[in-house]
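Here is the structure we will look at.
FYI, it's all coordinate maths here, none of it is from the lab. Just so it is clear, the model here is predicted, and its values are computed rather than measured. Here the Cβ is made from the backbone with ideal geometry for all residues, glycine too, and neighbour counts use every protein chain on show.
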Amino acid sequence: MIREAFVEYYSKPRPAYKGSGKMNCSSFGRCIRSVMLGLTGAPCGEFPVHVREVMDLGVAYENVAETILRAKFGDALQTQIPLRNAMWSGKLDFLIVGKIEQPTIVEWKSTGNNFFDYDGKYPEFSHSCQAWLYGKLYQELHHVAPRVILFYHSWGKHAEFLLRDPINMPVGSAVGEVNDKVVERYVPLEKLPERRKMFESAYAALPEIPEVPCTKPCDAYGCTFRGERSCGFYEQCWDKKE
Ligand code: SF4
């Protein structure tokens with residue numbers, strides 16, 4: 001009975017998303033074609049029920065996180081801080097601004113227990129892209145370089161990474177800990193300035209849409225996830241060609 005209520009709730013179509021008309025920072029790690037299709041209002045499939053459930057649970061976890069961080073940082077903690085310029089739009093989950101300390105952006109990712117940091121996958125590429133871009137936009141708007149932290153949290157597990165800026169490091173990396181074990185992971189931060197240019201050029205060229213970036217549907221770009229179609233624009237890229 002209770003499960004039915006969940007399924008009914010999440011099966012209802014959502015009201016159409018009214019975007020800002022700008023690129024969303026959280027999309028910076030996605031397939032460029034999908035981002036541009038979204039901006040032109042191309043028809044997009046709905047997320048499956050289980051994905052929508054997880055998204056809502058992530059928001060609920062964030063409220064708990066705010067209570068915990070507020071207890072430690074008090075008024076130095078700010079939440080849902082907008083970051084915008086002519087092309088990008090985003091909201092910081094958390095910003096800690098002390099009187100002396102470097103401002104610190106915290107991007108919070110709630111996730112399930114299964115496959116937590118499976119195969120050392122954290123920090124994930126798309127999350128690193130988003131967090132890196134937040135750091136850059138913050139620096140451009142406020143003229144101070146922030147620290148950027150990615151924090152993963154699930155039931156009883158955690159991973160925390162500080163992104164190292166490739167301006168100072170020849171190769172991108174993130175240092176931190178996973179369940180209290182110190183780690184250093186490679187993330188391709190050094191490639192992100194070029195990626196940003198590519199996105200901004202594509203945005204300037206709208207309504208022209210970039211070509212499909214792969215020769216067949218693949219997990220790497222997000223067309224599929226473990227072989228199942230997962231991109232809302234799948235039909236726009238493949239069904240007509242198959
Ligand atoms: S189906 Fe694949 S190529 Fe097409 S927009 Fe989605 S992710 Fe990009």
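Below are the figures for this structure:
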quantity: CD proxy at 222 nm, helix term only [per DSSP H run n ≥ 4: -39500 (n - 2.57); per residue of the chain; nearest 500]; calculated: -10000 deg cm²/dmol
quantity: For segment 182-199, 3J(HN,Hα) per residue [Karplus equation, 6.51 cos²θ - 1.76 cosθ + 1.60, θ = phi - 60°, Hz, x = Gly/Pro]; calculated: 5, 9, 10, 10, 7, 9, x, 4, 5, 8, 6, x, 5, 4, 4, 4, 4, 5
quantity: For segment 84-210: relative contact order, % (alpha-carbon pairs under 8 angstrom, 6 or more apart); calculated: 19 percent
quantity: Segment 21-211, dipole about Cα centre (Lys/Arg Cβ +1, Asp/Glu Cβ -1), debye to the nearest 20; calculated: 280 debye
quantity: Relative contact order (percent, whole number), the chain, Cα cutoff 8 Å, 6+ residue spacing; calculated: 19 percent
quantity: For segment 36-66 and segment 181-236, distance of Cα centres in Å; calculated: 18 Å
quantity: Segment 11-154: relative contact order as a whole-number percent, Cα under 8 Å and 6+ apart; calculated: 26 percent
quantity: In Hz, Karplus ³J(HN,Hα) per residue of segment 2-8 (6.51, -1.76, 1.60; θ = phi - 60°; x = Gly, Pro); calculated: 5, 4, 4, 4, 4, 5, 4
quantity: Bridge type composition, the chain - antiparallel percent by DSSP, nearest 5; calculated: 75 percent
quantity: Rounded D (µm²/s) - segment 21-211, Kirkwood Rh over Cα pairs, Stokes-Einstein at 20 °C, 1.002 mPa s; calculated: 121 µm²/s
quantity: Cα lying deepest toward the dipole's positive end in the chain, options PRO193, PHE161, PRO207, charges on Cβ; calculated: PRO207
quantity: Computed E for ASN113/ASP75 - FRET, C-beta separation, R0 35 angstrom, nearest 0.05; calculated: 0.55
